[in-house]
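Following: one structure in structure tokens, then a few remarks.
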């Protein structure tokens with residue numbers, strides 16, 4: 001059988017917690033007040049018993065007989081009628097007793113020095129009794145200074161009125177605590193309700209955010225609250241990232257649909273053109289070759305889109321982390337592009353500074369794709385008789401553990417209006433790079449996705465100046481070393497000047 005639990009709000013939990021603490025405090029106060037009142041009342045009661053017992057000791061006087069006995073003069077006593085007492089001399093002879101008591105029995109033993117008090121029940125009432133031991137001087141005028149006689153006194157008083165006083169005080173504290181709970185309970189609930197108002201306002205505004213409306217303006221009360229300020233900032237950051245992701249995804253789908261539609265329309269128009277009239281075998285062959293070329297460009301576009309989607313995927317890799325030697329990938333890629341560089345008359349110069357094994361957390365296929373895209377892009381923008389420089393160096397500084405790849409061409413550069421968009425998908429900064437030349441605007445976007453997935457960074461610097469031609473463009477890629485490489489390789493030594 002499934003059990004259902006009602007959700008409890010934070011305010012409800014806080015109210016219950018505060019009231020529980022108040023209730024525990026009230027119980028503790030009642031117990032402490034009971035202990036304190038019991039101690040103070042019985043301390044005063046014990047002092048009272050001592051005083052009355054000493055008053056009885058003062059009423060013991062010398063008897064008018066030859067044996068120099070003692071006697072108790074009751075006419076001088078002013079004692080409460082409910083108290084009890086009895087007086088014995090050193091020989092165990094009873095000197096006097098209260099009329100409402102039959103006595104404690106035989107001659108009582110001397111009290112212990114540390115606790116002269118005891119409890120007893122007399123006529124159904126609880127009494128507290130003190131046992132004192134004193135002395136009286138008989139015939140002080142005789143030779144030798146008289147005779148010293150010992151006296152033992154038991155004196156008790158009922159404790160019921162003491163307990164009533166203690167109980168009254170404890171009840172006062174208990175009732176006061178209960179009234180305090182009844183008063184502070186609704187007050188705490190109201191204060192918590194007002195205190196959580198910024199949180200409810202923040203939740204209400206966040207709930208209005210949707211795919212179609214990303215407007216989110218948190219209230220100033222949430223920003224000004226120290227406990228809610230981090231949450232407000234986190235919500236804003238998350239929503240901004242989600243908005244950018246949705247906008248980017250929509251733009252990608254729209255651009256991809258447009259690119260694919262155009263490519264398919266070109267193939268369709270070529271086929272329709274072939275079927276409009278009878279043609280020769282050579283014309284059919286040329287038309288089919290154009291269709292094949294269009295299909296190849298369409299296939300290349302789809303392949304690049306799939307590559308970009310794979311590079312941007314955040315899914316964890318299965319098995320061990322992929323590792324590639326960036327220096328080896330650079331050399332192999334340059335060797336593969338050597339024929340293209342010779343045809344364009346733009347040689348590629350490679351400079352790899354000694355950095356041990358430049359192993360980076362990138363799959364070998366992706367590292368070659370990254371370098372290939374950057375080199376092809378540099379070759380396309382380089383005029384004949386210029387050159388493309390590829391430099392691979394270890395990063396030097398207070399924190400090592402990274403390598404820097406620079407690809408520099410000596411073309412006309414990129415204008416400042418196009419520079420912020422070069423990594424956008426399907427962006428073509430050069431109007432001359434049409435679909436017929438094969439530029440789809442995905443190369444740099446793929447490079448950025450590969451680098452970011454590896455935890456690195458990529459940037460592009462270009463400052464075209466009419467007075468300084470052939471300044472070109474420099475792409476800088478920073479990739480962290482793989483963990484095994486960073487842990488095992490020694491720190492690189494900067495080259496000497």
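Read the figures in this text as sums done on the coordinates, not as results from a lab. Please read these numbers as outputs of a predicted model, since none were measured by experiment. Neighbour counts run over all protein chains shown; Cβ positions are idealised from the backbone, glycine included.
Grab the Cα-Cα distance for residue 147 and residue 43, subtract it from 0.36 nm times how many residues apart they are, and report the gain in nm with one decimal. If you can, show how the numbers build up before the last one.
Working: separation 104, 0.36 × 104 = 37.44 nm, distance 3.53 nm.
Computed gain between residue 147 and residue 43 is 33.9 nm.
Each Cα pair under 8 Å and six or more residues apart adds its separation to the average, and for the range 11-167 the resulting relative contact order is 23 percent.
Label-to-label distance, residue 210 versus residue 180, with points set 7 angstrom from Cα along the beta-carbon direction: 5.2 nm. Over the C-alpha trace of the range 14-94, radius of gyration and Dmax come out as 24.2, 85 angstrom.
The residue 292 and residue 253 beta-carbon pair, evaluated with R₀ = 25 Å, returns a calculated FRET efficiency of approximately 0.35.
Between residue 233 and residue 16, the modelled label-to-label distance comes to 3.3 nm, taking each label 7 Å out from Cα in the direction of the beta carbon.
Using a Förster radius of 45 Å, what is the FRET efficiency between residue 285 and residue 364 based on their Cβ-Cβ separation? Nearest 0.05, please. Mind dumping the intermediate values first?
On the way: r = 40 Å, r/R0 = 0.90.
For R0 = 45 Å, the calculated efficiency reads 0.65.
For the range 223-312, the square roots of the Cα gyration tensor eigenvalues, ordered a ≥ b ≥ c, give a/c of at least 1.5 with a/b greater than b/c, which places it in the prolate category.
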